[in-house]
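The values are calculated or read from the model by the stated rules, or taken from the named source; none is laboratory data. Note that the structure is predicted; figures quoted are calculated from it, not measured. Using ideal geometry, Cβ is built from the backbone for each residue, glycine included, and neighbour counts are taken over all protein chains shown. The protein model used for the area step is the full one, side chains on, heavy atoms only, and it has no ligands, DNA or RNA in it. Shrake-Rupley method; radii C 1.70, N 1.55, O 1.52, S 1.80 Å.
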Amino acid sequence: MLHELSVHSEIGTLRTVMLHRPGEELLNLSPDSLGRLLFDDIPYLAEAQREHDAFAQMLRDEGVEVLYLDKLTAEAIDACPEGRELFVDRYVDECGLDGCDALQDLVREVLLSQPTTEDLVRKAITGIRADEAGVSPSRMRSLADRLNANGSEEDGLLVDPIPNIYFTRDSFTVLGSGVSINRMLSVTRRRETLLGETVFTYHPAYKETQRWYSRDLPYHIEGGDILILGNHTLAVGISERTQSAAVDVLAKTVLWGGEQSDIDRVFALLIPRKRAFMHLDTVFTQLDVDTFTMHPAILGTLRVFELTRGAQTGEVVIRQREDTIAEVLAQALGLDGVRLIKCGGDDAIAATREQWNDGSNTLAVSPGRVFVYQRNQVTNDILYKEGFELLEIPSGELSRGRGGPHCMSMPFARDAV
């Protein structure tokens with residue numbers, strides 16, 4: 001296993017990446033729980049797993065080492081003498097059963113009864129049904145008023161699953177040789193970051209990693225809003241799920257990170273706050289040294305702010321840029337110009353439809369060689385004609401979770417560009 005964290009771009013040859021294979025957490029989705037669990041539909045698990053396995057194998061065929069979040073978390077727990085109890089206690093504290101001591105004890109018992117640590121981690125992700133904890137339907141009904149967003153009397157869940165976790169980009173972000181442990185906007189996703197916190201606290205390979213952000217901070221930031229534009233520049237979306245205050249905190253830590261950071265500029269990109277756009281990487285990703293794909297609907301609305309070091313230690317200077325996004329990107333990358341390829345081309349309906357299915361959400365495995373969802377045929381055809389090498393992932397079920405190849409992958413190591 002490669003242990004070194006080193007991510008300084010979005011396009012350098014990918015060496016190590018972390019994924020999560022969709023599991024039984026998707027079986028705990030129901031029509032009653034879709035809204036609070038941030039799904040629009042229920043994926044067919046067996047097919048979602050086949051598609052994800054194909055994605056993982058395609059990465060391996062490109063020479064990429066594939067790590068899995070549940071295994072890394074289990075290794076981290078096992079590396080700590082009291083790891084199982086500490087993890088379970090933290091999980092129970094955050095599972096939405098505040099004030100229900102007896103139910104918390106049942107959840108703790110279910111988790112600690114798992115035969116292996118990997119089983120424990122997977123059960124924590126899967127969620128806990130009332131019947132498997134020995135809670136009767138009548139007792140669930142009596143507790144209905146006390147159960148909050150994590151669990152519901154109607155769908156028989158004592159503890160909600162964590163179904164969005166296969167989008168590993170969001171809960172933590174490797175920046176250079178450090179990591180941002182993010183604070184998710186939605187309650188249903190906050191337990192995802194507990195796994196990353198565990199990895200970077202106890203895992204022998206990663207426990208000394210520099211932290212750029214903490215999940216315990218009050219401001220929301222998610223990894224889909226963080227893009228690395230070369231060795232010295234970050235782009236961070238201010239979006240439906242990332243607050244400007246969080247960008248301020250992250251910018252201060254990376255700009256003044258000393259030898260641990262070579263970032264000297266952060267661009268904050270204000271995008272429309274709507275579910276269809278969700279994160280910066282749902283409307284904008286890098287394909288090659290000088291090329292990006294972008295949803296055309298944001299071109300007229302995008303506002304860009306530049307954050308740099310001030311004169312005093314810890315000071316951050318913020319100014320709004322009046323240049324176009326193309327001009328800002330070219331300057332950030334030290335280029336004369338960049339290409340912006342529109343998702344869906346000039347077809348407004350195709351652009352909207354394929355952006356919804358993550359046509360702008362690509363993962364470069366090396367400059368100009370990118371993973372895309374197979375289903376976005378209009379955008380993919382444009383990219384082919386522009387000379388890109390596309391690795392098309394089957395995506396009939398994975399796409400139901402509202403995330404693409406970029407969302408489903410967290411690079412741990414890339415070559416320098």
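Points to keep in mind about this one:
- Inter-site label distance for D101 and A326 at 7 Å from Cα along Cβ, in nm: 6.6 nm
- Efficiency of FRET between I42 and Q312 - r from beta-carbon atoms, R0 60 angstrom, step 0.05: 0.70
- Cβ-defined net charge surrounding I11, 12 Å radius [Lys, Arg +1; Asp, Glu -1]: -2
- Residues in the range 205-216 carry Karplus couplings, in order, of 7, 10, 5, 9, 5, 4, 9, 9, 8, 10, 5, 8 Hz; the curve used is 6.51 cos²θ - 1.76 cosθ + 1.60 with θ = phi - 60°, and Gly or Pro positions show x.
- For the range 301-315, 3J(HN,Hα) per residue [Karplus equation, 6.51 cos²θ - 1.76 cosθ + 1.60, θ = phi - 60°, Hz, x = Gly/Pro]: 10, 5, 10, 10, 10, 10, 10, 9, 5, x, 6, 9, 3, x, 7
- Extension gain (nm, one decimal) between V378 and I349, 0.36 nm per residue minus Cα-Cα: 9.4 nm
- Accessible surface, per residue, of the chain when the full set of protein chains is kept, probe 1.4 Å, Å²: 38 Å²
- Across the range 296-417, C-alpha contacts under 8 Å between residues 6 or more apart give a mean separation that, scaled by the residue count, equals a relative contact order of 17 percent.
- Hits among aspartates and glutamates - C-alpha to C-alpha of K123 under 14 Å, sequence gap 8 or more where chains match: E24, E25, D70, E109, E132, D160, E192
- Helical runs assigned H by DSSP (4 residues or longer) give the chain a calculated mean residue ellipticity at 222 nm of -8500 deg cm²/dmol, each run adding -39500 (n - 2.57) before division by the residue total.
- Folded to 0 to 90 degrees: helix 244-255 orientation relative to the chain principal axis, Cα: 70 degrees
- By accessible area, using a 1.4 Å probe on protein heavy atoms only, the chain has 47% of its surface on carbon and sulfur.
- Set of the range 316-333 residues, backbone N closer than 16 Å to the point 7 Å along the Cα-Cβ line of D290: 326-333
- For A245 and V187, the difference between the fully extended length at 0.36 nm per residue and the C-alpha to C-alpha distance is 19.0 nm.
- Local net charge near Y213, Cβ-Cβ under 15 Å (Lys/Arg +1, Asp/Glu -1): 0
- Across the chain, C-alpha contacts under 8 Å between residues 6 or more apart give a mean separation that, scaled by the residue count, equals a relative contact order of 22 percent.
- Of all lysines in the structure, the ones whose alpha carbon falls short of 23 Å from that of K342, not counting any fewer than 8 places away in one chain, are K274, K385.
- Matching label, Kirkwood radius over Cα pairs in Å computed from the structure shown, candidates [x] 21.8; [y] 23.0; [z] 24.6: [x]
- A protection proxy built from the mean count of other Cβ atoms within 10 Å ranks the segments 93-104, 66-77, most packed first, as 66-77, 93-104.
- Overall form of the range 1-126 per C-alpha gyration tensor (a/c, 1.5; a/b vs b/c): oblate
- Among beta bridges that DSSP assigns inside the chain, antiparallel share in %, nearest 5: 60 percent
- A simple count of charges around S399, restricted to other residues whose Cβ falls under 12 Å of its Cβ and scoring Lys, Arg +1 and Asp, Glu -1, yields -3.
- Alpha-carbon centroid distance for the pair the range 1-79 / the range 363-417, whole angstrom: 15 Å
- For the chain, the Cβ-based charge dipole about the Cα centre amounts to some 640 debye (Lys, Arg positive; Asp, Glu negative; other atoms uncharged).
- Long-range HN-HN contacts of I393 with modeled amide H, under 5 Å: V372, Y373, Q374
- The angle between the Cα long axis of helix 117-126 and the longest principal axis of the Cα atoms of the chain comes to about 80 degrees, rounded to the nearest 10.
- 0 to 90° range, to nearest 10: angle between helix 101-112 axis and the chain longest Cα axis: 70 degrees
- Reach of K207 by Cα under 19 Å, taken over lysines that are not fewer than 8 positions away in the same chain: K71
- Pairwise label distance in nanometres, E85 with E24, each label 7 Å out on the Cα-Cβ vector: 2.7 nm
- Compared with the alpha-carbon gap, the fully stretched path from R60 to D264 is longer by 70.1 nm at 0.36 nm per residue.
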